[in-house]
Amino acid sequence: MAGMSKVMMTLKLDPKDASVDRARDLLGIDDSAIDRDFGVIAVSPDDNLYTVLVEETAAEDIQNDQAIGGPFSNPRIEPFGPPKGSDG
Amino acid sequence: MRVLVQLRPTELPRASLAAHAEFAEPPIDLGVLTETSLVLDHDFPPVVLPTVHAPGAVGMALALGAPADFSFEPPDVSSVVRGSIPDGDGQQAAVGELLARPEVMGVFSDPVIATTLTCGGDPPLGDAADVAARLDCARLHEAGYTGADVRVAVVDTGINDRYLQKLQRTATIDVPNSFTPAGVPTAPGAHQVAHGTMCAYDVGIAAPAATFLDHAVLLSRTPGQVQIQGLLSDAVRSFSQLRALLLADRDTPLVVSNSWGVFDPAWDFPPGHPGNYTDNPSHPFNLIVATLEDAGADILFAAGNCGLECPDGRCRFTNRPICGANSHPAVLSIAGIDTNDERVGYSSQGPGRLSAEKPDVCSYTHFKGSEVFGRGEPDSGTSAACPVAAGVVAAIRTQCPPSALPPAQLRTLIAKTATAFGAPGFDFDYGWGALSPPALVAGLPGSPQLP
């Protein structure tokens, strides 16, 4: 798999408690390993499920439990057009 | 194997056949063929062939570069009939047995021919006006289906409003509600002229009055990046912002057009891995797509350019290239057709990975439109088909908001009213068929009908 420097983790959080600091503490990672610009983003609000972006190396050490999911891939995305031939 | 067999006439015609508007058949004896292993195709009427004379030609009489005279004079005509001979071991014997007949002048192959699909690098087929005509935009606009008071988020490389104005397009950009990744020096509406500007242009074919949200996700920068690409996490941020906007203003319909995807499975965890994106409905981005749709957004994704006939050179999926959110059940996955209503050879075919029944419908591409890639270059890829379709959806939403017809029901109506090609129903090339605005409007509950 082509290198992804950062990956996504999911957490079940109380919406009142959905902060980068809380996510960092729950994940048990250093502050430098979590992307504060990305923040904490609700992906399934009905389930109180949020996602954060963390360094892939830090994610390897995270212990998953019922409240934590991941790591999830953060692949490159590209525009589809114009179609390029097999030599480009 | 199908063959053509050339036969001499049993007697010479009385006059030249060249003067006949419909060529009279010279008499031939088909009975001689029943003594061979040729299975004659009786539905194929014999075709008269002339003899070619190439005076002064050296070598083959049919040298393509030499002038030739085609004679239908009585001694020069013959007939060709169609049939089949065995394949495999019996084929050579069958040919020999035919050629042994004095009436048979030659045995030729009759290969299957097929239309040449439009592929990347081909010149444009038709132009934006042709697309507008095929979508019946004149009547749509006359009935008030213009995209007015509808937001269209173009999640792409950014829009250049000044370029669109030069093409007599007034693209209203909602700058405060647009999204620009950190570190990108240009502002919404003022990004470099590229793919995203093409998409905005193509939305405007059906929805000239739409308001654009410029979500330049594909401009995000990673160290060492050399080409236009983004990261899926930026799309997560974009969709989160769009959801917040929709929740704050449910009265303004939102259409989200996405002409991007993942080309290479090597960029992802493998299918089956719990962190995989392309095949995993539990991936955060696939979850947020469902969340945004549930909030009331109409979401469209291009099916991709990995069609079997002429895939993009970047395609690395060996099968089922419609993957990830491009195959999500809560989105419209858009395949590409040219203005001859023929699928373009690069349009990805289903089944999809998250939802098998993809693509959903097809829309127009490979036409002369924005010319952002150069004068005479087409708006191409399913990249163009998607915003063309998004424009139709935005136009519809002007008169039929999600409160009257939620996104899931609109998708169903779009599928039911699509113009099917070939056999009726769904197929993995065209989906349910071509998006058909007149039929779609006719099926809307309580909305104005077309004049």
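Taking first residues from segment B:433-448 that are within 19 Å of residue B:333 (Cα to Cα) and in the same structural domain as residue B:414 (by TED's automatic domain parsing) and partners that are surrounded by 15 or more Cβ atoms within 10 Å (Cβ to Cβ) and aromatic (Phe, Trp, Tyr), the Cβ contacts under 7 Å between residues at least 6 apart in sequence or on separate chains come to B:433/B:421. Of all the criteria given as (1) among the hydrophobic types (A, V, I, L, M, F, W, C); (2) in a helix (DSSP H, G or I); (3) farther than 30 Å from residue B:134 by Cα, the one not satisfied by residue B:203 is (3). All conditions but one from (1) within 14 Å of another protein chain (Cβ to nearest Cβ); (2) within 21 Å of residue A:82 (Cα to Cα) apply to residue B:163; the one that does not is (1).
Got at least one residue in segment B:400-416 being of a type in the set (Val, Ile, Thr) and touching a Ser or Thr at 6+ places or on another chain (Cβ under 8 Å)? Let's see the steps before the verdict.
Here is the first cut: in segment B:400-416, the ones of a type in the set (Val, Ile, Thr) are B:412, B:414.
Still in the list and also touching a Ser or Thr at 6+ places or on another chain (Cβ under 8 Å): none.
No - not one qualifying residue is present in segment B:400-416.
For segment B:408-434, enumerate the residues that are under 21 Å from residue B:144 (Cβ atoms) and either over 19 Å from the mean Cα position of the chain (by Cα) or part of a loop (DSSP other than H, G, I, E, B) (or both). Please lay out each step first, then the result.
Just the residues of segment B:408-434 that are under 21 Å from residue B:144 (Cβ atoms), to begin with: B:409-410, B:413-414, B:417.
Selection gives B:409, B:410, B:413.
Applying the set (1) more than 17 Å from residue B:154 (Cα to Cα); (2) more than 12 Å from chain A (Cβ to nearest Cβ); (3) in contact with a strand residue (DSSP E or B) (Cβ under 8 Å, 6 or more places away or on another chain) to residue B:200 leaves exactly one unmet item: (1).
Looking at residue B:253, is it assigned by TED's automatic domain parsing to the domain that holds residue B:148 and closer than 23 Å to residue B:319 by Cα? If you could, list the steps in order and put the result at the bottom.
Values: assigned by TED's automatic domain parsing to the domain that holds residue B:148: yes; closer than 23 Å to residue B:319 by Cα: no.
So residue B:253 fails the test.
Search segment B:301-337 for residues being charged (D, E, K, R) and touching a Phe, Trp or Tyr at 6+ places or on another chain (Cβ under 7 Å), and hand back the single one that is surrounded by the most Cβ atoms within 10 Å (Cβ to Cβ). So that I can check it myself, show each step before the final result.
Looking only at segment B:301-337, we keep the residues that are charged (D, E, K, R), and these are B:309, B:312, B:314, B:316, B:320.
Filter again for touching a Phe, Trp or Tyr at 6+ places or on another chain (Cβ under 7 Å), leaving B:312, B:314, B:316.
Values: B:312: 25, B:314: 15, B:316: 14.
So the residue we want is B:312.
Of all the residues in segment B:144-174, those that are crowded, with 17+ Cβ neighbours inside 10 Å, in contact (Cβ under 8 Å) with a residue 40 or more places away in the chain and outside any loop (DSSP other than H, G, I, E, B) number 8.
The values are calculated or read from the model by the stated rules, or taken from the named source; none is laboratory data. Owing to the predicted nature of the structure, the values given are computational and were not obtained by experimental measurement. Note that each Cβ is placed from the backbone with ideal geometry, even for glycine, and that neighbours are counted across all protein chains shown.
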